[in-house]
Amino acid sequence: MGIQWFPGHMRATLRALSERLKTIDVVIELLDARLPGSSANPLLAELIAGKPTLKVLNKEDLADPARTAQWLQYYAARQATRAIALHAQMAGPARVLVAECRRLAPHRGGMAKPLRVLIAGIPNVGKSTLMNTLLGRRVAQAADEPGVTRREQRVALADDVYLFDTPGLLWPKIVAPDSGWRLAASGAIGRNAYDEEDVALALLRQLQADHPDRLQARYRLPGTAAEVAAQPAHELLQAIGRRRGALLPGGQVDPHKAAEAVLGDFRSGALGRVTLETPQAFEAWMAAAHAAEAQRQAERAAARASRRRDAPPSDAGV
Ligand code: GDP
């Protein structure tokens, strides 16, 4: 695992997490139901391989129910894995989570062998909200901006169930651009790390393919849904900007403001319940991204080898 370039605090977080995992019975991996595959940190996947895992598709209230069902089926087929969908602000469904954890570790429980559960997930996926709901009080700071680091906390969900929360893990590297823009659209990545216009255009292309009727209704666009679907995305962004009054002083559309409007509507659910990926599409672009990454690495290694061959022999004798 090539992690040498990680900043020091990330190495420390990784070490602390692997240490903590030794005493953990079940890992709850919180995913964003609108992008379950893309919102899974690959580094976490490596660390928790083999541990009983509960995949929680959070924010299900914002996701397409039919696609959520596909994702649940996809995860439930894995070994030692269960999967549920949640709306973290709802107390009833959140309690199901404890029952699911008990099912994953039936040998644990009771005061002598308390069930130790770790909750992990990328920034902004809803960890604090879920913990607050589970406990019926405010234990963790829910933040709107990603990247807020917190210290580890331990809370009791029942007399014999302890929940550990860890500081967020950064991404090793987002290898698939298809996942990158989805993460940015969901609000998981700090605003300064991406171009809002590029992300909004990618989101629009996806919505044109899946829900042109909703785009038309939300922005009162002229023409049929099929015409909305066929329009170049940048023209669509212009039209949306005009509708939303996202204008520059001269009266031209401000593409940045128009992009913010589209992203804001997606995040708040104003465009309806949308899931941006299916398990099959996600697997296909990850396989392509890994193949491209392997090719890049092979080319780099070949270039290094040829530089070494061409370099004049050193006379230093070392
Ligand atoms: P954390 O960084 O993982 O701890 O995420 P937070 O708990 O701070 O949540 C980030 C944002 O997502 C907040 O604005 C929450 O109100 C919102 N949120 C969390 N869970 C849900 C959910 O199930 N549905 C919806 N609609 N919003 C949620």
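Remarks
- Taken as a whole, the structure places TRP5 among residues that are modelled with pLDDT under 95 and either more than 16 Å from the ligand (Cβ to nearest atom) or part of a helix (DSSP H, G or I) (or both).
- Hits in region 76-101 (condition: within 16 Å of the ligand (Cβ to nearest atom) and free of Cβ contacts under 8 Å to residues at least 12 places away in the same chain): GLY92, PRO93
- Checking each residue in region 184-212 for being at pLDDT 95 or above, hydrophobic (A, V, I, L, M, F, W, C) and either part of a loop (DSSP other than H, G, I, E, B) or out of contact with any helix residue (DSSP H, G or I) (no Cβ under 8 Å at 6 or more places or on another chain) (or both) picks out no residue at all.
- In region 89-98, the count of residues that are among the β-branched types (Val, Ile, Thr) and farther than 18 Å from THR275 by Cβ is one or more.
- Any hit, region 268-284, residues being surrounded by 10 or more Cβ atoms within 10 Å (Cβ to Cβ) and over 30 Å from ALA33 (Cα atoms): no
- If the condition is being over 21 Å from CYS101 (Cα atoms) and either touching a Leu at 6+ places or on another chain (Cβ under 6 Å) or away from the ligand (no atom under 16 Å from the Cβ) (or both), then region 40-66 contributes PRO42, LEU43, ALA66.
- As a summary of the residue check, THR13 satisfies the conditions (1) within 16 Å of the ligand (Cβ to nearest atom); (2) β-branched (Val, Ile, Thr); (3) at pLDDT 95 or above; (4) more than 20 Å from THR275 (Cα to Cα) except for the one numbered (3).
- Filtered residues of region 55-74 (kept if surrounded by fewer than 22 Cβ atoms within 10 Å (Cβ to Cβ) and assigned to a helix (DSSP H, G or I)): ASP61, LEU62, PRO65, ALA66, ARG67, THR68, ALA69, GLN70, LEU72, GLN73, TYR74
- Any hit, region 91-104, residues being in contact with a helix residue (DSSP H, G or I) (Cβ under 7 Å, 6 or more places away or on another chain), in a loop (DSSP other than H, G, I, E, B) and over 21 Å from THR166 (Cα atoms): no
- Condition check for VAL228: touching a residue at least 12 places away in the same chain (Cβ under 8 Å) and either within 30 Å of VAL98 (Cβ to Cβ) or within 21 Å of the chain's Cα centre (by Cα) (or both): no
- Across region 166-183, the number of residues qualifying as free of Cβ contacts under 8 Å to residues at least 24 places away in the same chain, in a loop (DSSP other than H, G, I, E, B) and of a type outside the set (Val, Ile, Thr) comes to 1.
The values are calculated or read from the model by the stated rules, or taken from the named source; none is laboratory data. Nothing here was measured: the structure is a model prediction, and the numbers come from that model. Cβ atoms come from the backbone with ideal geometry, glycine included; neighbour counts cover every protein chain shown.
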